[in-house]
1. I'd like the orientation of helix B:203-216 relative to chain B: the angle between its Cα long axis and the longest Cα principal axis, in ° from 0 to 90, rounded to 10.
2. Please calculate how many Å² of accessible area the range A:114-195 carries per residue, with a 1.4 Å probe and no DNA, RNA or ligand atoms counted.
3. Local charge sum around residue A:473 (other residues, Cβ-Cβ under 12 Å, Lys/Arg +1, Asp/Glu -1)?
4. Checking the a/c ratio against 1.5 first, then a/b against b/c, what shape does the Cα gyration tensor give for the range B:356-463?
5. Taking the Cα centre of each part, how many Å lie between the range B:209-276 and the range A:204-265?
6. What value, in deg cm²/dmol to 500, does the helix sum -39500 (n - 2.57) over DSSP H runs of n ≥ 4 give at 222 nm once divided by the residues of the protein assembly as shown?
7. For Cα pairs less than 8 Å apart in space and 6+ apart in sequence, what is the mean separation divided by the residue count of the range A:76-232, i.e. the relative contact order in percent?
8. State whether the protein assembly as shown is rounded, prolate or oblate according to the following rule on the C-alpha gyration tensor (a ≥ b ≥ c being the square roots of its eigenvalues): a/c under 1.5 gives rounded; otherwise a/b larger than b/c gives prolate, and the remaining case gives oblate.
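The values are calculated or read from the model by the stated rules, or taken from the named source; none is laboratory data. Just so we're clear, the structure is a prediction, and the values are computed from it rather than from any experiment. Neighbour counts are summed over all protein chains in view; Cβ atoms, including those assigned to glycine, are modelled from backbone coordinates with ideal geometry. Calculation scope for accessible area: heavy atoms of the full protein, side chains included, ligands and nucleic acids excluded. Shrake-Rupley method; radii C 1.70, N 1.55, O 1.52, S 1.80 Å.
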Amino acid sequence: MIVATDPHHGRTSVPHSIDAAFAALPLRALADAALARARALGSDHADFRLERIRSASWRQRDARPSGGSDTTDLGYAVRVVHGGSWGFASGVDLTMDGAAKVASQAVAMAQLSAKVIKAAGSDERVELADEPVHEDRTWVSAYEVNPFEVADEEKAALLADFSARLLRADGVAHVDASLLAVHENKFYADTAGTVTTQQRVRIHPELTAVAVDGTTGEFDSMRTIAPPAGRGWEYLTGTGWDWDSELERIPELLAEKMRAPSVRAGRYDLVVDPSNLWLTIHESIGHATELDRALGYEAAYAGTSFATFDQLNKLTYGSSVMNVTGDRTAPHGLATIGYDDEGVEAQSWDLVKDGTLVGYQLDRRIAKLTGLGRSNGCAYADSPGHVPVQRMANVSLQPDPGGLSTEDLIGGVERGIYVVGDRSWSIDMQRYNFQFTGQRFFRIENGKLAGQLRDVAYQATTTDFWGSMEKVGGPQTYVLGGAFNCGKAQPGQVAAVSHGCPSALFRDVNILNTTQEAGR
Amino acid sequence: MRIRTKPHEIVERALELSTADGCVVIADEESSANLRWAGNALTTNGVTRGRTLTVIATVNGKEGTASGVVSRSAVTAEELEPLVRAAEAAARGAGPAEDAQPLVTGTPASPGFTDGPAETSSAVFTDFAPALGEAFARARAGGRELYGFAHHTMVSTYVGTSTGLRLRHDQPTGTLEVNAKSPDRSRSAWAGRYTRDFKDVDPTALDAELAVRLGWAERKIDLPAGRYETILPPTAVADLLIYQMWSAAARDAAEGRTVFSKPGGGTRVGERLSGLPLTLRSDPAAPGLESAPFVIAHSSGDDASAFDNGLPVPATEWISGGELARLTTTRHSAALTGLPTAPGFGNLILDAGGEKSLEEMVAATERGLLLTCLWYIREVDPATLLLTGLTRDGVYLVENGQVVGAVNNFRFNESPVDLLSRASEAGRTEKTLPREWNDYFTRTAMPALRIPDFNMSSVSQGV
């Protein structure tokens, strides 16, 4: 079951104002104190960012509360370019003296950095790409009901109801339920004069049903495929996802999965559902087209990229039906913003056009360094204690405007597998070799689904896989998937990001049997 | 007015404000300093300072005790009472907690509970930073590019409860990772260290070590996927066993849904996992790897309970003499499963009595692979704990006791539980930094393991 999450589907979002308690903080006064100190100490550039991020989780195990948390992170950061080096410091003391002190610490860190660079004999200097000044802008994401304004009792009752529906079914031994919600406020000001105040809300409900065969000891699970979304509480009550339909089908699908035959390893045609393909896009396109990574700035940690800068406008990334965009503006996208953490206005642009690499994700330093002009707004810090790094936009595979339905894509396959939902994922540090599993694998025989398979993983090399994409589905198959937990950088940061895609048909992909891989 | 009082005073004040049946207050004072570099030059760096106050309120009701957990950073004086009330409201809205237990009593107060927090700053790099600059210069002169990260944090945690506990723990954590590459990036090598204070790490020595490994990689050897005799170095063993321990919750096992479930019911506790005399243990007092001697749980989960805050964490053997001895339990899940209470762990040590260094194990290898580290490890199948991931930054072919060149990288599919059963030799246990999981878990000591038939599932072109 796939419910379209077309950006314009559902009720119109209610416009909200910036949260009054956040707006009442001494945002400008603190910024002025910090930026004035940085200027006085001779910084070439300084920016000030004050954030309040409220993150909460509610968890249930077999419809009973099993833990939760409600955390609010409030603090601010000062970043400077001083003497050609970056300096960064953060603090929590919301006084003018405190903000000025943090600015001094940032300058001191830049000076320390400059010493190390000098000792190494390097002449590298940090410079930033130009960006128009955006004076006093506010931006609020599209949602109807802030989940933090819904009573905890109501949340607990809804999760318990969802869990109970699954637990009532034969064959469901356990149900795990979780709901994550985030309310993020950011204030940004820099020495060029840009001042932005923003507010975002996002939510991620998830339920997992577990079946256990007490005799054989075999067990398996089936998780909901509803993606996290840049929406509010309304996402659980009918806007953007059909929970009733999904919950009704899971027990039957799980029971079928427990009985399903183990896949025979080999090569198959695949129809990949958006609920699975979003994660493949994330790993093999999203991260691979981050230019900081391609240039080596993530080399020691998350790795580099095969899509090196010299390959721009040359690399054949995939087949001619492959068109991928980076987009900071998609309604309800998890990486959707008004302005990034360097004061750059949100944009939308091409990454892959007709199968060829044509763009990258940029921040201001990388844009300047590579001569690509203006940043496309991909700087983000996940907390006031972290420095902004180049983070992923909503990277999405575009549908074929006149493309087929998922059923018709399946109809074009003689012997293959239809892959639904994500589960396990892993890709190498240059984004070549990947392996993914899923929630549900259906055998395709002569254009029809013929029951589920177990123990399936698909393994490929990025360009081979995208090169084997024969057809992308139409807009009616398009779903905006995503995750709350994309990790990058050192110190480690997490970011939420969405990936839209249609269903797509891939020919001749390598399928592993995971029990054989385990040596069983 | 901003709070400028000591953390213990905030804890006491929050406890005074509590009107719930029970209350736990955790104050975390954190400071950090970091340096990051790429291509022989610093890229970003920073210092941070933060305070987070967590209030756990428990409310008794007819159907059981509920808990509410609320955390706030940068709490102001006027926000302290709202924070306590928010935790109480969360408890009342949550319904009875399944892990409810009486709050812990009887743990003796920590010395220094009323002292100010320990702190780190950029001063921790006073000697290290110039040495790093020297390492950059040497690397440049030697035709190498250095990438990496040095991070030091200090967290002082204060725990107070309405049942009278007054506990405090200072946790310094330092990590150093250095990655060396040839300028064309066709060769890559990595080394990492855990440190408490950056006094025992030398970036120039690491650069020299990596120069040797880049030298090994000047000869390239292509090998196909397959099963190979493989020496897993301590860092790779740490990454695999950390994941295994994260999958060792007793309750999940007893419910039949993990690799430690016994078919037909119950757990595999008591079952032999390895023919080697392996001991996998954790010990808060392990020299150089010290961790909190009492439970600090900011929320409840599958293997932690907010009700257990302050419970002593004893030295625990998870595997004894090759047999599965313990699975992680809270007091609640211990009662459910009939297993002893075994709280989560802050360090992990594997020891099989081996004496050989990694170099001696290489010297004793007729033909096999020597890995550097593993990356992007993810669970494929919980029933077998099959994990997938990749080799990274150097796979070397050993022939007749000598490294003869670098092999392409591989994707692996393996279960750590199976690996323990197939390991034919364990080397000398030494402190090591896990490569993949060091954002979450750093304090480990592991031996290298020899695996006769490690499953390299496919070749990875990545370098």
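1. The two axes meet at around 40 degrees.
2. On the way: 3670 Å² over 82 residues.
With all protein chains present, the range A:114-195 gives 45 Å² per residue.
3. Working: positive: A:471; negative: A:273, A:400, A:407, A:408, A:470.
Net local charge, residue A:473 excluded: -4.
4. Values: a/c = 1.43, a/b = 1.22, b/c = 1.18.
Judged from the Cα gyration tensor, the range B:356-463 comes out rounded (a/c under 1.5).
5. 29
6. Working: 20 runs with 206 residues, N = 983.
Calculated from helices alone, the mean residue ellipticity at 222 nm is -6000 deg cm²/dmol.
7. Working: 249 pairs, mean separation 29.7, N = 157.
Computed value for the range A:76-232: 19 percent relative contact order.
8. Details: a/c = 1.09, a/b = 1.05, b/c = 1.04.
Rounded, because the longest to shortest axis ratio a/c is under 1.5.
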